[in-house]
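The values are calculated or read from the model by the stated rules, or taken from the named source; none is laboratory data. Being a predicted model, the structure only gives us computed values, none of them experimental. Here Cβ is always computed from backbone atoms with ideal geometry, including for glycine, and neighbour counts include all displayed protein chains.
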Amino acid sequence: MKFELQHTDTNSNARAGKITTDHGEIQTPIFMPVGTVGSVKGVHFRDVKEDIKAQIILGNTYHLYLRPGLDIIKSAGGLHKFNGWDRPILTDSGGFQVFSLSENRKLTEEGATFRSHIDGSKHLFTPENVVDTQRIIGADIMMAFDECPPGNSEYKYARTSMELTHRWLDRGLAHFDSTEPLYGYSQTYFPIVQGASFRELRTQSAEYIASKGREGNAIGGLAVGEPTEVMYEMVELVNSILPKDKPRYLMGVGTPVNILENIALGVDMFDCVMPTRNGRNGMLFTANGIMNMRNEKWKDDFSPLDPVGTSFVDQVYSKAYVRHLFVAGEMLAAQIGSMHNLAFYLWLVGEARRKIEEGTFAAWKQMMIPRLSSRL
RNA sequence: GUGAAUGUAGCUCAGUUGGUUAGAGCGCUAGAUUGUGGUUCUAGAGGUCGCCGGUUCGACCCCGGUCUUUCACC
């Protein structure tokens, strides 16, 4: 993987860059649709590519390991071959899911034991076997196995957790560096900054992660319950320490406003379930504000779903029809909502990139923020 | 025709020896959702308790009448 920093904004820390992987290039800043079990829920890859214009998607180690399982993915020749997506894939390590989904999880120095949310079976994830799993999946970018403490964690817990994450990182890196990709293309490994909402811990963690000199770095443990302003404060602090010539990935964030604010702070990569999960349930983000498509007020509004939207669904379907589909519980509603939101997110980061290249990003961001958070 | 049931929120139903602002689920109307279990939470609106009369300090509840629906019998 290579990263080329192409433009830096004059009035903020926003940057435009290019990541090159063996599965193609990624223009940053970028949003990565979440494809947990190897699919972007409800959307064909034809549309993810051509309509939404996604350049990279996520997969999830925890989910893919449990189902369909590593034997199947290995037999298929990796996730790209299995699901037919031929552009880059990033896999989350499963650390977050072990803590948010599974039952009876137990942390030890060795790793995390947990019970599957599917059948209750018992499993152990370690920094080493999570590398092996991501080798089998064949992710272009794999993530370190970390612990993600809640946003309201106390200092002592946050510090203990961060220190464990750092020790796990060293083990994961050692294993990564001593193993080879399985399918003939290169893979890279991003470490993750933790430290909850404590400046001191975030500083320590960012310095530790930066010292590893990897090809890209991630910021985890944010947007997990802490106030939004605290998230921005932590990102600003961490980005002042992480190297400028490596991509920075803010995990799990966020709303359209969160994304613009964090681009301004120098973040290059984002992923979030919000466009898909909320889209499936009728909450649509647009350049002019947020629409809840279940609202009664759309029942006889036959204008296009989003007149300035870039997805075909925005022009082909009316608001009234989409409301009808949501109220009726029609699966097409979920598909339309997901496509619209993802296309909008990709438009948003693409537009941010163009404004950075033009040198007008900061002003554009200030103009956009009140619009993005208004309700239609 | 006779007998027995039934009637409470838009729907399906609880309800108390007769006691103050009559409840639930679903639906409806809104809000939430940040490294995804195709969701899940939260709040709100909505009822002259079939109708008429009676008993009682007080009736959704007891009594009489009447109408509705259902079942059984002749």
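Here is a yes/no grid of residues against (1) within 21 Å of A:ILE52 (Cβ to Cβ); (2) touching an Asp or Glu at 6+ places or on another chain (Cβ under 8 Å):
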{"position": "A:ARG67", "(1), (2)": "no, no"}
{"position": "A:GLY77", "(1), (2)": "no, no"}
{"position": "A:LYS81", "(1), (2)": "no, no"}
{"position": "A:PRO88", "(1), (2)": "yes, yes"}
{"position": "A:THR91", "(1), (2)": "yes, no"}
{"position": "A:LEU107", "(1), (2)": "no, yes"}
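Checking each residue in the range A:166-201 for being in contact (Cβ under 8 Å) with a residue 40 or more places away in the chain, closer than 27 Å to A:GLU229 by Cβ and not in a loop (DSSP other than H, G, I, E, B) picks out A:HIS166, A:PHE190, A:ILE192, A:VAL193, A:LEU201.
Screening A:MET367 with (1) among the aliphatic types (A, V, I, L, M); (2) in contact with a Ser or Thr (Cβ under 8 Å, 6 or more places away or on another chain); (3) part of a helix (DSSP H, G or I) gives one miss only, at (2). Of the residues making up the range A:340-353, none is surrounded by fewer than 16 Cβ atoms within 10 Å (Cβ to Cβ) and touching a Gly at 6+ places or on another chain (Cβ under 9 Å).
Listed by position, the strands (runs of 3 or more DSSP E) inside the range A:55-143 whose residues that are within 18 Å of the chain's Cα centre (by Cα) and away from RNA strand B (no atom under 16 Å from the Cβ) number at least 3 form an empty set.
Among the residues making up the range A:30-46, those that are within 10 Å of the chain's Cα centre (by Cα) and more than 8 Å from RNA strand B (Cβ to nearest atom) are A:ILE30, A:PHE31, A:MET32. Summed over the range A:262-276, residues that are closer than 13 Å to A:LEU348 by Cβ and surrounded by fewer than 22 Cβ atoms within 10 Å (Cβ to Cβ) total 1. Being among the aliphatic types (A, V, I, L, M), surrounded by fewer than 21 Cβ atoms within 10 Å (Cβ to Cβ) and not in a loop (DSSP other than H, G, I, E, B) is a property that does not hold for A:ILE26. If you filter the range A:69-113 down to residues that are in contact with a Ser or Thr (Cβ under 8 Å, 6 or more places away or on another chain) and of a type in the set (D, E, K, R), you find that the one that is surrounded by the fewest Cβ atoms within 10 Å (Cβ to Cβ) is A:LYS106. Name the single residue, out of those in the range A:144-197 being β-branched (Val, Ile, Thr) and surrounded by fewer than 16 Cβ atoms within 10 Å (Cβ to Cβ), that is nearest to RNA strand B (Cβ to nearest atom). Among those residues, the one meeting the criterion is A:THR160. Kindly indicate the residue of the range A:354-363 that is within 12 Å of A:GLY17 (Cα to Cα) and in contact (Cβ under 8 Å) with a residue 60 or more places away in the chain and also surrounded by the most Cβ atoms within 10 Å (Cβ to Cβ) among those meeting that condition. Restricting to residues being within 12 Å of A:GLY17 (Cα to Cα) and in contact (Cβ under 8 Å) with a residue 60 or more places away in the chain, the top hit is A:ILE356.
Of the helices (runs of 4 or more DSSP H) lying entirely inside the range A:263-337, those containing at least 3 residues that are in contact (Cβ under 8 Å) with a residue 60 or more places away in the chain and within 12 Å of RNA strand B (Cβ to nearest atom) span A:274-280. Does any residue of the range A:4-17 turn out to be in contact (Cβ under 8 Å) with a residue 60 or more places away in the chain, of a type in the set (A, V, I, L, M, F, W, C), touching a Ser or Thr at 6+ places or on another chain (Cβ under 8 Å) and on the phi < 0 side of the Ramachandran plot? Yes, the range A:4-17 has at least one match.
Taken across the range A:1-11, residues that are among the charged types (D, E, K, R), farther than 22 Å from A:ASN239 by Cβ, modelled with pLDDT of 95 or more and not in a loop (DSSP other than H, G, I, E, B) do not occur at all.
Among the residues of the range A:218-241 satisfying the criterion of being within 12 Å of RNA strand B (Cβ to nearest atom), without any contact (Cβ under 8 Å) to a residue 60 or more places away in the chain and crowded, with 22+ Cβ neighbours inside 10 Å, which is farthest from A:LEU5 (Cα to Cα)? So the residue we want is A:MET231.
Among residues that are more than 6 Å from RNA strand B (Cβ to nearest atom), more than 23 Å from A:ASP47 (Cα to Cα) and at pLDDT 95 or above, A:PRO256 is not included.
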